[in-house]
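> Okay, handing you the structure first.
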């Protein structure tokens, strides 16, 4: 299940900041029609910090029902409270999610043993396969490889979304991991390098707009057609960089707005791009042939 390109979905909002359920359903259909391997609702790209728990589960429910078994759904149900993460994961299980994305507990910054116990408890009690999300730039603490390899021995901890930004760390992890434990890039810029080093795919922000191209990139890398994969990587690299010109998910959501998939609406403290960044992003999208 954990191979290829998965989309870290945006959460479209109406003008009043309520969830735009129609746009959410249309986005799911577009993603599947364009060949995405799987969907990841309510991660950071889905503005998880500013949706309520009930809204979080509602978005997962919409995606699960609209996907209707056509692709797996990895529900973002992580928390820096282990009890809360277990409860949210059980709720996602009950509505049919296939797995859960569990971010490293943020702000309270547990030690490595705390990480191990947190993810193990979610895996023991949540009822879903666990994809660990390591993103120290947001959470304030890195999950060290020694801890990740301990976690990889758990039968319900099946993959990591790796966004540490350290190729050295990724290489070390891939060289020691069990064969049935997947390493997925959490960074579009590093998706191809990580796959060429032995990773199996990417949980992508860029694929909100270009699921077909990200799916092709992953397929080329996984099939060994490295020359074609490199050409596509460099064609898309300006866009990969552009979607992080400001805090994610602001640029990708504006790109999706320009493409007609979502309104340019956020919940504070997220707010729209500055006018000059909007112009720059539009220019890059046009240069890359994406609008």
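Taken together, the values in this text are just the output of simple stated rules run on the coordinates, not laboratory data. Predicted, not measured: the structure shown is a model, and the values here were computed from it. For neighbour counting, all protein chains shown are included, and Cβ atoms are generated from backbone atoms with ideal geometry for every residue, glycine included.
> Need the full-extension length gain, residue 223 to residue 94, defined as separation in residues times 0.36 nm minus the C-alpha distance. One decimal, nm.
Details: separation 129, 0.36 × 129 = 46.44 nm, distance 3.55 nm.
Residue separation times 0.36 nm, minus the Cα-Cα distance, leaves 42.9 nm.
> For the chain, place one equal point scatterer on every Cα, skip the solvent, and apply the Debye formula. What is log10 of I(q)/I(0) at q = 0.08, 0.11, 0.13 Å⁻¹?
Scattering profile of the chain, log10 relative to I(0): -0.30, -0.58, -0.84.
> Still on this model: Using only the alpha carbon atoms of segment 125-212, find the Kirkwood hydrodynamic radius as the inverse mean reciprocal pair distance, in angstroms to one decimal.
Its Kirkwood hydrodynamic radius stands at 13.3 Å.
> Among 72-79, 275-282, 122-129, how do they line up by average Cβ neighbours within 10 Å per residue, starting with the highest?
Peptide ranking by packing, descending: 72-79, 122-129, 275-282.
> P(r) of segment 1-110 in 5 Å steps, Cα pairs, percent per bin?
Reading the bins upward from 0: 2, 13, 25, 25, 19, 11, 4, 1, 0.
> Running a GNM on the chain with Cα contacts under 10 Å, which residue among 212, 98, 54 ends up with the highest mean-square fluctuation?
Of 212, 98, 54, the Gaussian network model singles out 54 as fluctuating most.
> Also: Looking at the chain, send over the antiparallel percent of its DSSP beta bridges, to the nearest 5.
Here the antiparallel bridges make up roughly 5 percent for the chain.
> Let me ask something additional. At 0.36 nm per residue, and after removing the present C-alpha to C-alpha distance, how many nm does the segment from residue 54 to residue 83 gain when stretched out fully?
8.9 nm
> Distance from the Cα centre of segment 217-291 to that of segment 28-48, in angstrom?
A separation of 15 Å, based on Cα centres.
> Averaging sequence separations of C-alpha pairs under 8 Å and six or more residues apart, then dividing by the length of segment 4-223, give the relative contact order as a whole percent.
On the way: 453 pairs, mean separation 44.3, N = 220.
Once divided by the residue count of segment 4-223, the mean separation gives 20 percent.
> Test of understanding: in a Gaussian network model of the chain with alpha carbons linked when under 10 Å, which of 176, 156, 112 would top the mean-square fluctuation ranking?
It is 176.
> With each pseudo-label sitting 7 Å past Cα toward Cβ, what's the residue 175-residue 268 distance in nm, one decimal?
Simple spin-label model gives 5.0 nm for this pair.
> Now, a different point. What is the fewest-to-most order of 216, 247, 139 by other Cβ atoms lying within 10 Å of their Cβ? Intermediate values should be presented prior to the final figure.
Details: 216 16, 247 13, 139 21.
If I rank by nearby Cβ atoms, fewest first, I get 247, 216, 139.
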